[in-house]
Amino acid sequence: MSVVGKSIPRLDAVEKVTGCAKYVDDISMPGMWHGAVVRTTIPYGRIKSIELGPTFDWGRVVVADARDVPGKNCVAMIEEDVPLIVTDLFKHIGEAVLLVAAPARELALEARRHVKISYEELQPIFTIEDAKLARVKLCGDDNVIARYSISKGDIAKGFKEADVVVDGRYTMGHQEHMYIEPQGMIASLRDDGGLAIVGSLQCPYYISKAISILMGMTEDKLAIRQAAVGGAFGGKEDYPSILAGYCAVLARKSGRPVKIVYDRAEDTQVTTKRHPAIVRHKTGVRRDGTITAMEIDVEMDAGAYVTLTPVVLSRGLIHSAGPYRCDNVIARGVAYATNTPPNGAFRGFGAPQVFFPLEVQMDRCASKIGMSPLEFRKRNCLHIGDSTSTGQVIRESAGGLASLKSASQISDFENRRKRFSDENRGGIRRGVGISFFFHGAGFTGSGEARMKGEAALRLDPDGKIVILTACTEMGQGAHTVLQQIAADALGVDISCIGVETPDTSLVPNSGPTVASRTTLVVGTVLKKCAVELKEKLFSYAAERFPIDKAGCELNGHSLMSGDREIVSVSDLVKGYIEKAGALTVKDHYELPPDIHWDEAAYKGDAYPTYAWGADVAEVEVDMDTFEYRVVKMWMAHEVGRAINPKLAAGQIEGGTLQSVGWATTEQHVVDAGRFKTDRFQTYIIPTALDAPEMETMIIEEAFSHGPMGAKGLGELPMDGGAPAIANAIAHATGIRICDLPITPEKLHAAWSLTQSTGKI
Ligand code: MOS
């Protein structure tokens, strides 16, 4: 009967593959107009004047500026520092100066071309290095947007105990989400003076809060609804609040529904990206392979405003020492302001930026003491009873070593490595590399305790039991997985379960769909709701039928009393509503007991639990052109319990491929704050044809506080691909590239240097 652990097809599969699903651009409303945004065209300055060109008939359109924002002119995220529409000072290319709405999109775009803005130009900064010099001050006196540090043990003692010390510096640029569907939103006025907003989004309640502040309306006047979403990957976590703000202001001013859907170039220029980072490592190692000290410095480029940067930096820093046992750790993290669009959430949320450095660093440590990279990782891997860099003791569900063993087994790592080492000479060289990582599920620290994410089960008059959650389906299969959990928790067939569209007027605030939290958090709450709902249904049944409540069970399509089938689930639900009225059972998430986080000291249990992974990559490098190919990836990931193994494998493959792209071809060319690589032609992500062969192994070590043992999995696979590839390339060629992406040009330059100096 149980459906958990079965690879049932995704709920949304048929409507998406048949083209029936309604994405925001498929939605039209009577009288709907189209919006366009007039934007700043230089990276830093003040607005001197705005001129509406005399040759355009402005009577055909509606123009809005900051005076048309009825509430506070800022988009609330962690802080309220992002203006929706700038009036004077601005800090990056693409900030809104005016909004235009017109009956047709072409007309709105034409109007935009007739606006002339003149500026007072200020001296901008674009890099972490420039921000540190602080000749230009964008944020305080030092341009620091956020700063954290972690300290464990005695770092000086750790280095004293080391036989060798290895230094490393690692750098990486922006990564673009490149979801297939660009950002889009529609706002329309409601009869009660409120606003309805529908769009491509991850977090309806984030938008609700932001719009409430912008429009000076209470949240009960707002209905924020998710349309079908064509990919998000973190990119539709924070930015949609800004786009929703534009549409809301235009809808209010024009009195009509207003839609804005970005084209690719606009989307790329103004929306968030993965934070560029510079990471330094100093690692102390003994000859026997023990890591005695880790000193880590993480610097991130936040972009122009605070937005989500503090939490991205925090997650990055907490993961920076990785799944390794080390008694003496210092990790420092700083994020700096620059005159580029704010960087934000992107699958992994800071962790990929620390795992690429860490895992290349671990290979270099192993090599320095002449140990196999696999053996080195096994020797230092966290086990139950060990503690992480924040002092979190790993209590259960710790599949690190199992992941390492499985990844090496399925890839035949040691033999393959030896074979390639023996064979490698001449034109084509092959290499194999490994990476090891873990990823916390849920918000960091006390985040989930503060959030108290809610979900509910509702009885529907058509006889179904419907899941109410604000967590969104964006291609990851979340709604299918939640449906499986609810079905099993209730004991009913999956066809008895429905899922409500995430809409803030219909569903409770489950928190955002981010941070590998949906399965763990919402799944756990639905399990609690199921217990209470059964209790209510059985009480009703015991009054209605000649049965004993204690003997009641739901089983598939039926209510059973012992062996006897009493009534169908559908009729039970309908009967309940007829007798007792509508019923919604709601509950909220609570952290497992014994989870304690000290925010001031940055110590303790940073996450309720971690998922673990090890990846192996095989590459083939042409030593004449330095072009290379990722031939195969093996991924062994420990996820607690795979509620739907095929969907879990899909997450692992997709996340790994995104990491492959980050490592190999994805490179933003930024010219004075402008993204020149603003299309699929120039920002190269791997297509199906570029994807390496992949072999996935899912390992399950049940987490006792997860729904049916599940943890979180959405971000984990983004952490491991890039370093495994970098290590494989180093194995094949002897060249270590510590700057992403690893291009043939960088390999060639590094190779030429080794040829001229004779040093590797
Ligand atoms: Mo995210 S990167 O936690 O949507």
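Please name all residue pairs, on different chains or six or more residues apart, with Cβ atoms under 8 Å, provided the first residue is in the range 230-245 and is of a type outside the set (Lys, Arg) and assigned to a helix (DSSP H, G or I) and the second residue is within 11 Å of the ligand (Cβ to nearest atom) and open to solvent by 10 Å² or more (accessible area, probe 1.4 Å).
Partner pairs satisfying both residue conditions: Pro240/Tyr206; Ser241/Tyr206.
Looking only at the range 395-444, filter to residues that are open to solvent by less than 30 Å² (accessible area, probe 1.4 Å) and touching a Cys at 6+ places or on another chain (Cβ under 8 Å); which one of those is farthest from Met694 (Cα to Cα)?
Gly400
Looking at the structure I just gave you, is Val521 at negative phi and either open to solvent by less than 10 Å² (accessible area, probe 1.4 Å) or more than 16 Å from the ligand (Cβ to nearest atom) (or both)?
When the stated conditions are applied, Val521 passes them.
What pairs come up if the first residue lies in the range 7-34 and is in a loop (DSSP other than H, G, I, E, B), the second is among the hydrophobic types (A, V, I, L, M, F, W, C) and open to solvent by 80 Å² or more (accessible area, probe 1.4 Å), and their beta carbons are under 9 Å apart, counting only those six or more places apart or on different chains?
As it stands, the answer is Cys20/Val14, since those pairs meet every condition given.
For Ile684, which of the numbered conditions (1) under 20 Å from Arg274 (Cβ atoms); (2) touching a residue at least 40 places away in the same chain (Cβ under 8 Å) fails to hold?
(2)
Would a scan of the range 724-736 turn up a residue that is out of contact with any Phe, Trp or Tyr (no Cβ under 6 Å at 6 or more places or on another chain), among the hydroxyl-bearing types (Ser, Thr, Tyr) and in a loop (DSSP other than H, G, I, E, B)?
The answer is no; no qualifying residue exists.
When the range 211-254 is examined, which residues are found to be away from the ligand (no atom under 16 Å from the Cβ) and on the phi > 0 side of the Ramachandran plot?
Correct list: Gly216 only.
Quick check: is even one residue across the range 378-388 among the small types (Gly, Ala, Ser) and open to solvent by less than 20 Å² (accessible area, probe 1.4 Å)?
Checking the range 378-388: not a single residue is among the small types (Gly, Ala, Ser) and open to solvent by less than 20 Å² (accessible area, probe 1.4 Å).
Part of a loop (DSSP other than H, G, I, E, B), among the small types (Gly, Ala, Ser) and either surrounded by 24 or more Cβ atoms within 10 Å (Cβ to Cβ) or more than 16 Å from the ligand (Cβ to nearest atom) (or both), is that true of Ser505?
So Ser505 passes the test.
Look through Ala710, Ala611 and report the one residue that is within 22 Å of Phe349 (Cβ to Cβ), among the small types (Gly, Ala, Ser) and within 16 Å of the ligand (Cβ to nearest atom).
Sole residue among the options that is within 22 Å of Phe349 (Cβ to Cβ), among the small types (Gly, Ala, Ser) and within 16 Å of the ligand (Cβ to nearest atom): Ala611.
In this structure, does Val514 turn out to be under 21 Å from Ser208 (Cα atoms), part of a helix (DSSP H, G or I), modelled with pLDDT of 95 or more and within 16 Å of the ligand (Cβ to nearest atom)?
In short, no.
Go through the range 335-349 and report how many residues are open to solvent by less than 10 Å² (accessible area, probe 1.4 Å) and touching a strand residue (DSSP E or B) at 6+ places or on another chain (Cβ under 7 Å).
Count: 7.
Restrict the check to the range 602-620 and report whether at least one residue is open to solvent by 50 Å² or more (accessible area, probe 1.4 Å) and under 15 Å from Gln392 (Cα atoms).
Scanning the range 602-620 turns up at least one residue that is open to solvent by 50 Å² or more (accessible area, probe 1.4 Å) and under 15 Å from Gln392 (Cα atoms).
Restricted to the range 31-55, and to residues that are β-branched (Val, Ile, Thr) and open to solvent by 30 Å² or more (accessible area, probe 1.4 Å), which residue is nearest to the chain's Cα centre (by Cα)?
Thr41
Name the single residue that is nearest to the ligand (Cβ to nearest atom) among those in the range 177-210 being crowded, with 24+ Cβ neighbours inside 10 Å and in a loop (DSSP other than H, G, I, E, B).
Gln202
From the list Ser403, Ser446, pick out the single residue that is under 30 Å from Lys632 (Cβ atoms) and of a type in the set (Ser, Thr, Tyr).
Ser403
With the requirement that a residue be closer than 21 Å to Ser2 by Cβ and either among the polar types (S, T, N, Q) or open to solvent by 40 Å² or more (accessible area, probe 1.4 Å) (or both), what does the range 562-573 give you?
Result: Gly562, Asp563, Glu565, Ser568, Ser570.
Taking Leu482 as the residue in question, decide whether it is within 16 Å of the ligand (Cβ to nearest atom), within 19 Å of the chain's Cα centre (by Cα), within 30 Å of Met633 (Cα to Cα) and not in a loop (DSSP other than H, G, I, E, B).
no
Have a look at Ser118, Ser28 and point out the one that is surrounded by fewer than 16 Cβ atoms within 10 Å (Cβ to Cβ), closer than 30 Å to Gly673 by Cα and of a type in the set (S, T, N, Q).
Ser118
Determine, yes or no, whether Ser367 is over 25 Å from the mean Cα position of the chain (by Cα), open to solvent by 10 Å² or more (accessible area, probe 1.4 Å) and within 21 Å of Asp327 (Cα to Cα).
It is false that Ser367 is over 25 Å from the mean Cα position of the chain (by Cα), open to solvent by 10 Å² or more (accessible area, probe 1.4 Å) and within 21 Å of Asp327 (Cα to Cα).
Looking at (1) within 15 Å of the ligand (Cβ to nearest atom); (2) over 29 Å from Ala156 (Cα atoms); (3) touching a helix residue (DSSP H, G or I) at 6+ places or on another chain (Cβ under 6 Å), find the lone condition where Thr338 falls short.
(1)
If I ask for residues that are crowded, with 24+ Cβ neighbours inside 10 Å and in contact with a Leu (Cβ under 9 Å, 6 or more places away or on another chain), which ones from the range 306-334 would you list?
Listed by number, the residues that qualify are His319, Ser320, Ala321, Gly322, Pro323, Ala331, Gly333.
I want to confirm something. Restricting to the range 448-477 and keeping residues that are small (Gly, Ala, Ser) and open to solvent by 10 Å² or more (accessible area, probe 1.4 Å), which single residue is nearest to Tyr179 (Cα to Cα)?
Across the range 448-477, the extreme among qualifying residues is Gly475.
Under 24 Å from Leu313 (Cα atoms) and either open to solvent by less than 10 Å² (accessible area, probe 1.4 Å) or within 16 Å of the ligand (Cβ to nearest atom) (or both): is that true of Lys273 in this structure?
The answer is yes for Lys273.
Quick grid of which residues meet (1) of a type in the set (Lys, Arg); (2) within 16 Å of the ligand (Cβ to nearest atom); (3) open to solvent by less than 30 Å² (accessible area, probe 1.4 Å); (4) within 41 Å of the chain's Cα centre (by Cα):
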{"position": "Ser510", "(1), (2), (3), (4)": "no, yes, yes, yes"}
{"position": "Arg544", "(1), (2), (3), (4)": "yes, no, no, no"}
{"position": "His557", "(1), (2), (3), (4)": "no, no, no, yes"}
{"position": "Leu583", "(1), (2), (3), (4)": "no, no, yes, yes"}
{"position": "Glu599", "(1), (2), (3), (4)": "no, no, no, yes"}
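Does the range 163-176 hold any residues that are hydrophobic (A, V, I, L, M, F, W, C) and buried (at least 20 other Cβ atoms within 10 Å of the Cβ), and which are they?
Matches in the range 163-176: Met172 only.
Pairs, please: C-beta under 6 Å, at least 6 apart or cross-chain, first residue part of a strand (DSSP E or B) and in the range 580-594, second open to solvent by 90 Å² or more (accessible area, probe 1.4 Å)?
Taking only residues 6 or more apart or on different chains, the pairs are His588/Lys452.
The values are calculated or read from the model by the stated rules, or taken from the named source; none is laboratory data. All values reported here derive from a predicted model rather than from experimental measurement. Glycine gets a Cβ as well: all are built from the backbone with ideal geometry, and neighbour counts include every protein chain shown. Calculation scope for accessible area: heavy atoms of the full protein, side chains included, ligands and nucleic acids excluded. Shrake-Rupley method; radii C 1.70, N 1.55, O 1.52, S 1.80 Å.
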